[in-house]
Amino acid sequence: MKKLINDPNTVVEEMMEGIVQAYPQYVRKLEGFNVLVRADAPVNGKVALVSGGGSGHEPAHGGYVGKGMLDGAVAGAVFTSPTPDAIYEAIKAVNGGAGVLLVVKNYTGDVMNFDMAKEMAEMDGIKVDSVVVNDDVAVENSTWTTGRRGIAGTVFVHKIAGAAADKGMTLEEVKRVGEKVIANVRSMGMALTPCTVPAAGKPSFTLAENEMEIGIGIHGEPGTHRESVKAADEIADELLNKILADLPYESGDEVAVMVNGMGGTPLMELFVINRHVASVLKEKGIKVYRTFVGEYMTSLEMQGASITLLKLDDELKGLLDAPSDTIAFKDFGR
Amino acid sequence: MKKLINDPNTVVEEMMEGIVQAYPQYVRKLEGFNVLVRADAPVNGKVALVSGGGSGHEPAHGGYVGKGMLDGAVAGAVFTSPTPDAIYEAIKAVNGGAGVLLVVKNYTGDVMNFDMAKEMAEMDGIKVDSVVVNDDVAVENSTWTTGRRGIAGTVFVHKIAGAAADKGMTLEEVKRVGEKVIANVRSMGMALTPCTVPAAGKPSFTLAENEMEIGIGIHGEPGTHRESVKAADEIADELLNKILADLPYESGDEVAVMVNGMGGTPLMELFVINRHVASVLKEKGIKVYRTFVGEYMTSLEMQGASITLLKLDDELKGLLDAPSDTIAFKDFGR
Amino acid sequence: MTINSAIVIDIIKSIAKTLAENKEYLTELDSAIGDADHGINMDRGFNTVLTKLPSLEGKDIGTILKTVGMTLVSTVGGASGPLYGTAFMRAGQAVAGKNEIDEKDILTIFEAALQGIKERGKAVAGEKTMIDALEPALKSYRDAVDNNIGLAEALNRAVDAAKEGMEYTKNIIATKGRASYLGERSIGHQDPGATSSYLLLQAAARVVNSL
Amino acid sequence: MTINSAIVIDIIKSIAKTLAENKEYLTELDSAIGDADHGINMDRGFNTVLTKLPSLEGKDIGTILKTVGMTLVSTVGGASGPLYGTAFMRAGQAVAGKNEIDEKDILTIFEAALQGIKERGKAVAGEKTMIDALEPALKSYRDAVDNNIGLAEALNRAVDAAKEGMEYTKNIIATKGRASYLGERSIGHQDPGATSSYLLLQAAARVVNSL
Ligand SMILES: Nc1ncnc2c1ncn2[C@@H]1O[C@H](COP(=O)(O)OP(=O)(O)O)[C@@H](O)[C@H]1O
Ligand SMILES: Nc1ncnc2c1ncn2[C@@H]1O[C@H](COP(=O)(O)OP(=O)(O)O)[C@@H](O)[C@H]1O
Ligand SMILES: [Mg+2]
Ligand SMILES: [Mg+2]
Ligand SMILES: [Mg+2]
Ligand SMILES: [Mg+2]
């Protein structure tokens, strides 16, 4: 394992310090907790958004704390959902009196820990609600399983629900908007290489020089199946086909596209993927309203990509286009 | 070689298409050339900035095309400086009548190709001047060599000279500002892993599991020497010491810091590096005015980092803080 | 035989030691069907628990167990943190104020703990989780207690049943937790949480057997 | 012996073929002390040149060489693009309008080409560049022409001298081009540009020898 770190046991704390040193204009850290909140938190009278999860997904989630997106982000150990006490502290620190919405990715651990924190905050009389993001179409939905995972589509929930809160909507309204995003967002990812949890010291799976893993999550877990590597366009087709079949999307629909890198993927390759995504959507008569290409929800140094489509209506378009100013997601608005 | 590409021979063209499909609000491509210019180019009466270089450094340089930074970016083949004809087309397309400044990184190839393009444009009566960025302290300066390389510090030249042009300064003034940045910016980089030029198909050098390469450039070249891997703080010290000794920087100085990833480095690790950079500078009494952590000037999928310090005066601070709106460098200004 | 607070503390220490020794093993199991952190998570949690033990000396067993639970909740994270944390917290509530417990109390503890895990995780046996080790262990323990065969032996039977349950997880598809995303691909792999549950019971039994 | 336009085109084809065959070899040399693209660059350039040749048939030698030069400038990029491009463009100027050239003309071509490279790259012999192959080659060729030993043999001597110069680049430190960043570390490695220059001369000589 080669990493630019000092010690696997302190890497998350040191990262948090590095973030705060770099961007004090955006975030401050809660003493004793790996929690970043807006430098100006709490914002009085505004519904506050709190999200989080394991570390290793940077810039998620701390990179999305700021005007027009999250008020607080809670970081667990690498790939381990954060603990209720930290989430509870985040809720208290950002609550501006209008209630707090938790944006949770659908993993057993995240759901349980955020639920416990919600219970704790409610005992203090804070109005807390939550939405659970489950955009990953790789995993079949079923009442017998824990349901689908939350992956890169989560960033659209941060952006759009964040804009709703910024516009002064109530907690109920912000939640409704968040759930509308969730109902309309679908993603799927793949990996060319695995990643290594610092404390584990070795990759979570291995792939031969000609293999790739399809349907991966964002925690270095194995995916749904393994294949021989193929051309970028074919890979994009494979991911897109599952996504497009799921909702379904129809000719005339408008979507936002996110081509997300898994942490070690050069932007060059993400743009090559986007080229094909754009051309397939065009062929199908699906209009691309806006596109986001970059590393938004990563898995440490993994090489790979995920594709996300968000079906838009006028309300979602307006909120997607609202200004945001965070470390990793800046938008002048339009 | 595992890459999300279709064909090494078309990867740059496909990337360009992917960029334009994703961000038509920022850039358009010149037909027949791998040149991106501002969507609204030429901006009448404004000095235009053109930069470029080989591909594989994304988001450089296309990601910096937009308001407050570059007017045009020329992309060569991977790690190969672009040809004079393409640069010439870029100059013509962005010239708004106030002249064009070329921001060139100091490589024999880049300097020669940009010079030839300048000669071509001057024959058309366009006012063209250039600055050559040479921020890499890894390579000793000497009249016997081609001098130092231009690496991540180039992004500060784009930002600050771009802001000067945006403010309406003349070509001479913009050039003066660009040269002031160049005189005050120093960088140095290292790699944990090599990278693979798509058309070459194999890595440009190999490193054992416990080795790293110090003093690398941004083209997958070997660095100045090889060492056993060590803790992030020690690596940061090694880079910083060379940088700090060079200018020199003194207690009371104010600097902008850039911790740049080489393409495959997780943000987590860059923030760990920044933590130490911040603490060393603090100890030395050097004030960090602003910090930028991310992937700004990359080498395909290489894992590694570079550190850049830019010594600031009031003029540079003001221009650094001016607003910019490009694909990869957005700043609301302050 | 009864167990006092000091022995409970010894048991906690024994669990911490066992989990530390099996940190890599548990993480390796988790890397096959999860995200390669279970051993790291459990070890981080029980390491923090160890630092709390000095302050718990002389406290009643309910307080000790509740503190362990709260510590796990606030340091483990992931799925196992709330689950094991809830288990210990519920166990503590079940014997609140007691300074000595017998096999009946331990049955109460065990039942409360498993109930807590089920409520928190909304899972049942057969879903390839820690429940597949704990539920058969509880059943064996209850049978043994009903037959009055003594605490140590009852615990040993629980450990055996947990081991069997843990091994059984290899044969089934995960429908809860992170491994459920693998579907069929989860078959053939042993569940890390079931394994840590087995190790935890084994560590407890070892202390009791040595008394 | 004189060389007409058709033979010049054959020579260009021969160069293109040789560089294609040595694409990986040149790139490998460049990966040791540069950025692993020299073979790719040269091959890309001469491939495009090949597509232009049909339109050049029947044109004078000056036009042919100038077109090759401009094509290299606009397709090769890097350091070698402007250098080789300038060399061919200057060579074309030197024999503008001619449909046949003799060994004296070729000397003029060679001198103009090298002069162009030196001006464009601001380098001299001994800096571990293509000049280290080309300058001794030019000297040998000039001596041979002065001694009237015939074009084919003169070219062969140039090739031999280029080879020696190319091999000599292994022993020296680079002070120009990308390899100069390596300092001492560049010693022991053969310069890719010197190698392509040698290959280029060799390919030209081969055609002339077969006439
Ligand atoms: N709903 C659930 N009920 C009971 N146990 C569960 C549940 N979900 C997961 N587990 C247990 O948790 C273990 C994984 O724990 P851990 O790796 O620490 O957390 P995470 O999956 O969040 O990384 C699984 O092996 C399984 O035994
Ligand atoms: N200033 C110069 N003068 C002459 N030749 C040079 C000079 N700089 C570089 N070269 C030649 O160019 C070769 C490298 O070409 P290439 O790899 O195509 O370009 P780049 O270095 O831009 O990647 C070197 O091996 C050297 O022979
Ligand atoms: Mg986990
Ligand atoms: Mg090159
Ligand atoms: Mg796990
Ligand atoms: Mg090269």
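Checked against the criterion of being within 14 Å of chain B (Cβ to nearest Cβ), among the aliphatic types (A, V, I, L, M) and away from ligand 5 (no atom under 16 Å from the Cβ), the candidates A:A39, A:A77 yield just one match: A:A39. If you go through segment A:211-231 and keep only what is out of contact with any Lys or Arg (no Cβ under 8 Å at 6 or more places or on another chain) and more than 18 Å from A:I151 (Cα to Cα), you end up with A:R226, A:E227, A:S228, A:K230, A:A231. The set of residues from segment A:232-289 being modelled with pLDDT of 95 or more and acidic (D, E) comprises A:D233, A:E234, A:D237, A:E238, A:D253, A:E254, A:E269, A:E283.
A single member of C:D43, C:D30 is within 13 Å of ligand 5 (Cβ to nearest atom) and free of Cβ contacts under 8 Å to residues at least 40 places away in the same chain, and it is C:D43.
Checked against (1) surrounded by 24 or more Cβ atoms within 10 Å (Cβ to Cβ); (2) more than 21 Å from B:V12 (Cα to Cα); (3) touching a helix residue (DSSP H, G or I) at 6+ places or on another chain (Cβ under 8 Å), A:M302 passes all but condition (3). Taken over segment D:176-192, the criterion of being within 9 Å of ligand 2 (Cβ to nearest atom) and either charged (D, E, K, R) or facing chain B (nearest Cβ under 10 Å) (or both) is satisfied by D:K176, D:G177, D:R178, D:A179, D:S180, D:D191.
Taken over segment B:280-325, residues that are of a type in the set (S, T, Y) and facing chain A (nearest Cβ under 8 Å) amount to 2.
Total residues in segment D:130-154 satisfying the condition of being assigned to a loop (DSSP other than H, G, I, E, B) and touching a Ser or Thr at 6+ places or on another chain (Cβ under 8 Å): the figure is 1. The set of residues in segment A:162-195 that are β-branched (V, I, T) and surrounded by 20 or more Cβ atoms within 10 Å (Cβ to Cβ) comprises A:V174, A:V177, A:V181, A:I182, A:V185, A:T193.
Checked against (1) over 27 Å from B:A200 (Cβ atoms); (2) modelled with pLDDT under 95, D:G34 passes all but condition (1). Would you please name the residue that is nearest to the other protein chains (Cβ to nearest Cβ), looking only at residues in segment D:149-175 that are touching a helix residue (DSSP H, G or I) at 6+ places or on another chain (Cβ under 8 Å) and either within 16 Å of ligand 1 (Cβ to nearest atom) or polar (S, T, N, Q) (or both)? Checking each candidate, the answer is D:T169. Determine whether segment C:98-108 contains at least one residue that is at pLDDT below 95, of a type in the set (K, R) and in a helix (DSSP H, G or I). No, segment C:98-108 contains no residue that is at pLDDT below 95, of a type in the set (K, R) and in a helix (DSSP H, G or I). Residues that are in the same structural domain as A:E172 (by the TED database) and crowded, with 21+ Cβ neighbours inside 10 Å number at least 3 in the following strands (runs of 3 or more DSSP E) confined to segment A:1-119: A:35-38, A:48-55, A:72-78, A:100-105.
Listed here are the helices (runs of 4 or more DSSP H) enclosed by segment C:1-93 that have at least 2 residues being away from ligand 4 (no atom under 16 Å from the Cβ) and away from chain A (no Cβ under 13 Å): C:5-21, C:38-56, C:61-75.
Take the conditions (1) surrounded by fewer than 20 Cβ atoms within 10 Å (Cβ to Cβ); (2) touching a helix residue (DSSP H, G or I) at 6+ places or on another chain (Cβ under 8 Å); A:V128 misses just one of them, which is (1). What pairs can you find where one residue is in segment A:216-236 and more than 30 Å from A:G76 (Cα to Cα), the other is more than 16 Å from ligand 4 (Cβ to nearest atom) and among the hydroxyl-bearing types (S, T, Y), and their Cβ atoms are less than 9 Å apart, with a gap of 6+ or different chains? So the pair list comes out as A:D233/A:S279. Of all residues in segment B:1-22, those satisfying the criterion of being more than 7 Å from chain A (Cβ to nearest Cβ) and touching a residue at least 24 places away in the same chain (Cβ under 8 Å) are B:M1, B:P8, B:N9, B:V12, B:M16. Among the residues of segment B:91-121, what is the count of those that are of a type outside the set (D, E, K, R), in contact with a Ser or Thr (Cβ under 9 Å, 6 or more places away or on another chain) and within 14 Å of chain D (Cβ to nearest Cβ)? Selection size over segment B:91-121: 11.
Condition first: closer than 19 Å to C:D37 by Cα and modelled with pLDDT of 95 or more. Now tell me which residues in segment C:171-211 satisfy that. Selection gives C:H189, C:Q190, C:D191, C:P192, C:G193, C:A194, C:T195, C:S196, C:S197, C:Y198, C:L199, C:L200.
The values are calculated or read from the model by the stated rules, or taken from the named source; none is laboratory data. Because the structure is a prediction, the values reported are computed rather than measured. Counting neighbours? That spans all protein chains shown, and the Cβs are built from the backbone with ideal geometry, glycine included.
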